[in-house]
Amino acid sequence: MIVTEEEKARLLLIAAIEGNSKYWSSELSTHGAAELVDRLKSLHYAGGRHAGEKISQRLSEISVESLIDQLEGTFFLTPESEDWPLQLNDLGAPPFGLIGLGNREILQGADRSIGIVGTRNPTQYGSRVASEFAATLVDQGWLITSGGAFGIDSAAHRGALAVEGDTIAILGGGVRSIFPSGNDRLFSEIATHGLLLSEVLPSVPAAPHRFLIRNRLIAALSRGVLVVEAAHRSGSLRTARDAAELMRPVMAVPGLITSPSSEGCHRLINERKAELVSSVQEIVEFLSPL
């Protein structure tokens, strides 16, 4: 339930400003959410380079009451919340807030999260590795975080669910605007036994740029990121880069040298941007000093 003026203001900011803006995150840090909303409504930022006038126009067209109504059946998470994952504050542009659907208690173990990401078009080998590694990591007390996409993401989530473990899917759209729609059964399972998280309102559709900016959330939430099959150009490599910038360990699973699906992993390893791992034990040993 939203009770404070700061929470209401953060909800308005989510509705009016796209995520991952370092400028608006800086203004929020300086002024606080309630004051920032007031400054925007008073056209303080008119004529600036950061779409201040457009944001002010959006704010004039929405009411916080209508936004609260949209949250029915979900929960709203802000830095004021006791269970806010503190590791998200390492980001240059932390989310203004997060909207969740599912088991909120999972957040209590967010400091034991491992991100597993990879191609949407995996080989059988990649899918099996992602699923088996996720299941074994869960058995050892880890939480699996991924993005809910087809391929490696789905295999990782399913591996965690298969052993009744905890998993979080961080989405590129709202928690009630599922994409890809072909994963609706998986998302239903995650909403029942795991947790869906998003930094946009529940009905906001997924968009290509939102998948890119949500990758930073997967990286920040995780103690380390494991890449299981990634093509030469892959959104998973963006997640790996985000993790490295946050000083999170990056690990990659090797594949056949002739497999296009492993080109990205091999590049990360060759450029010494990722640690080569071939077992869960190696992953755990690599993360244990943290």
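Here are a few things to note about the model shown:
- Criterion violated by I2 - all others in (1) touching a Lys or Arg at 6+ places or on another chain (Cβ under 7 Å); (2) on the phi > 0 side of the Ramachandran plot satisfied: (2)
Rundown of residues vs (1) in contact with a Ser or Thr (Cβ under 6 Å, 6 or more places away or on another chain); (2) within 19 Å of I170 (Cβ to Cβ); (3) not polar (S, T, N, Q), yes/no style:
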{"residue": "T192", "(1), (2), (3)": "no, yes, no"}
{"residue": "R216", "(1), (2), (3)": "no, yes, yes"}
{"residue": "G224", "(1), (2), (3)": "no, yes, yes"}
{"residue": "T239", "(1), (2), (3)": "no, yes, no"}
{"residue": "E245", "(1), (2), (3)": "no, yes, yes"}
{"residue": "A252", "(1), (2), (3)": "no, no, yes"}
{"residue": "N270", "(1), (2), (3)": "no, no, no"}
{"residue": "V277", "(1), (2), (3)": "no, no, yes"}
{"residue": "E282", "(1), (2), (3)": "no, no, yes"}
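Let's see how each residue does on (1) under 25 Å from S288 (Cβ atoms); (2) crowded, with 23+ Cβ neighbours inside 10 Å; (3) touching a Leu at 6+ places or on another chain (Cβ under 7 Å):
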site	(1), (2), (3)
A93	no, no, no
I99	no, yes, yes
A110	yes, no, yes
H157	yes, yes, yes
E164	yes, no, no
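- Boolean, I218 is touching a strand residue (DSSP E or B) at 6+ places or on another chain (Cβ under 6 Å) and crowded, with 17+ Cβ neighbours inside 10 Å: yes
- Of the criteria (1) part of a helix (DSSP H, G or I); (2) modelled with pLDDT of 95 or more; (3) not small (G, A, S), which one F211 fails: (2)
- Single residue of the range 1-27 satisfying the filter (among the small types (G, A, S), touching a helix residue (DSSP H, G or I) at 6+ places or on another chain (Cβ under 8 Å) and not in a loop (DSSP other than H, G, I, E, B)) that is surrounded by the most Cβ atoms within 10 Å (Cβ to Cβ): A9
- Failed item in (1) buried (at least 22 other Cβ atoms within 10 Å of the Cβ); (2) touching a Gly at 6+ places or on another chain (Cβ under 6 Å); (3) within 18 Å of Q87 (Cβ to Cβ), with S236 passing the rest: (3)
- Test: residue in the range 205-222 that is within 18 Å of P94 (Cβ to Cβ) and of a type in the set (V, I, T): yes
- Pairs, first over 19 Å from A33 (Cα atoms) and touching a residue at least 60 places away in the same chain (Cβ under 8 Å) in the range 61-85, second hydroxyl-bearing (S, T, Y) and in a loop (DSSP other than H, G, I, E, B), C-beta under 9 Å, six or more apart: Q70/S203
- Candidates P202, P208, P260 - the one that is under 30 Å from Q70 (Cβ atoms), surrounded by fewer than 16 Cβ atoms within 10 Å (Cβ to Cβ) and either under 15 Å from the mean Cα position of the chain (by Cα) or of a type outside the set (A, V, I, L, M, F, W, C) (or both): P208
- Residue match in the range 108-120 (condition: more than 15 Å from the chain's Cα centre (by Cα), within 19 Å of G172 (Cβ to Cβ) and touching a residue at least 12 places away in the same chain (Cβ under 8 Å)): yes
- Test: residue in the range 40-54 that is buried (at least 17 other Cβ atoms within 10 Å of the Cβ), without any contact (Cβ under 8 Å) to a residue 40 or more places away in the chain and not in a loop (DSSP other than H, G, I, E, B): yes
- Sole exception among (1) assigned to a helix (DSSP H, G or I); (2) closer than 27 Å to Q108 by Cβ; (3) free of Cβ contacts under 8 Å to residues at least 40 places away in the same chain for T192, by number: (3)
The values are calculated or read from the model by the stated rules, or taken from the named source; none is laboratory data. No experiment lies behind these values; they were computed from the predicted model shown. Note that each Cβ is placed from the backbone with ideal geometry, even for glycine, and that neighbours are counted across all protein chains shown.
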